[in-house]
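*Asks:* What follows is a single structure, and I will ask about it in a moment.
The values are calculated or read from the model by the stated rules, or taken from the named source; none is laboratory data. All values derive from a computational prediction rather than experimental measurement. Every residue, glycine among them, receives a Cβ derived from its backbone with ideal geometry; neighbour counts consider all protein chains shown. What goes into the accessible areas is simple: the full protein's heavy atoms, side chains included, and nothing from ligands, DNA or RNA. Shrake-Rupley method; radii C 1.70, N 1.55, O 1.52, S 1.80 Å.
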Amino acid sequence: MTIKFFNPKNSYDYFLLSSVFTLFLSTPLHATQSHSLDMNQWLKARFGAQHEALIPIVAVADMLYSCQQQKQIDENLTIKAMITQLDKNKLAEKLISCLGDESPKSDTALNYGLKGCFHEQLLHLSVEEKQQKMGLVTESIAGLSRSERQKSFTQCVTDQAIHYLK
């Protein structure tokens, strides 16, 4: 009886080993992703109405935060504080005031919203890393069509709203 050991020069052995290794490593990741998807589905089913009501508030807060940053208006409120502490009407008034002549449906407001949403996603980074990533976000926004930016903002805000439900 001959025992065959792994031969790294044999492409079939290498393929087989790499396939097993990939399967072994991806199983916990897949389980984690599956658990996360199950959790998000459960949250949507349980808190669907709250989630739908929260989405426009989160969108306005993102726009307002970035507008205030751009215009250097010193409000000292984080996006989270805007969402959790301000009445939705007050939030809308502040956004309209900050936008001036611009409509909340304008490209400028949409761009503010995207920047605000990404700002919140990058909070865990160092100041230097955050500035670098926000520079990339700004460059990316400039290269996207309005429909692509709108789709990106909708997805970002939807994910943010789910986070606030957790």
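*Asks:* Residue 92 to residue 121: FRET efficiency via 1/(1 + (r/R0)^6), r the Cβ-Cβ distance, R0 30 Å, to the nearest 0.05? Please list the in-between numbers first.
*Replies:* On the way: r = 23 Å, r/R0 = 0.77.
With R0 = 30 Å, the Cβ-Cβ based efficiency is 0.80.
*Asks:* If I model a spin label at residue 159 and residue 142 as a point 7 Å from the Cα along the Cα→Cβ vector, what separation in nanometres do I get?
*Replies:* Taking the simple label geometry, residue 159 and residue 142 are separated by 2.4 nm.
*Asks:* Continuing with this model, one more query. Could you check how much of the accessible area of the stretch 112-166 is carbon and sulfur, as a whole percent, using a 1.4 Å probe?
*Replies:* 53 percent
*Asks:* Show me, for the stretch 113-130, the HN-Hα J-couplings you get by feeding each phi into the Karplus relation (A = 6.51, B = -1.76, C = 1.60, θ = phi - 60°), rounded to Hz, glycine and proline as x.
*Replies:* Along the stretch 113-130, the couplings run x, 4, 5, x, 5, 5, 4, 5, 5, 9, 4, 6, 7, 5, 4, 5, 5, 4 Hz.
*Asks:* Past 23 Å, Cα to Cα: identify those pairs from 88/130; 94/130; 80/133; 88/115, in the order given.
*Replies:* 88/130; 94/130, as the Cα separations exceed 23 Å there.
*Asks:* Additional query: Residue 130 to residue 84: extension gain in nm, 0.36 nm per residue of separation minus the Cα-Cα distance?
*Replies:* 14.2 nm
*Asks:* Right, here's the next one. Accessible area per residue of the stretch 83-152 at 1.4 Å probe, in Å²?
*Replies:* Accessible area per residue, the stretch 83-152: 64 Å².
*Asks:* Per-residue HN-Hα couplings for the stretch 135-151, Karplus 6.51 cos²θ - 1.76 cosθ + 1.60 at θ = phi - 60°, whole Hz, x for Gly and Pro?
*Replies:* So the Karplus estimates, Gly and Pro as x, are x, 5, 4, 4, 5, 5, 4, 5, x, 9, 6, 4, 5, 5, 5, 5, 5 Hz.
*Asks:* Spelling out what I want: for every residue of the stretch 63-76, take phi, set θ = phi - 60°, compute 6.51 cos²θ - 1.76 cosθ + 1.60 (Karplus), and round to whole Hz; glycine and proline get x.
*Replies:* Values, residue by residue: 4, 4, 4, 5, 4, 5, 5, 4, 8, 6, 8, 8, 9, 6 Hz.
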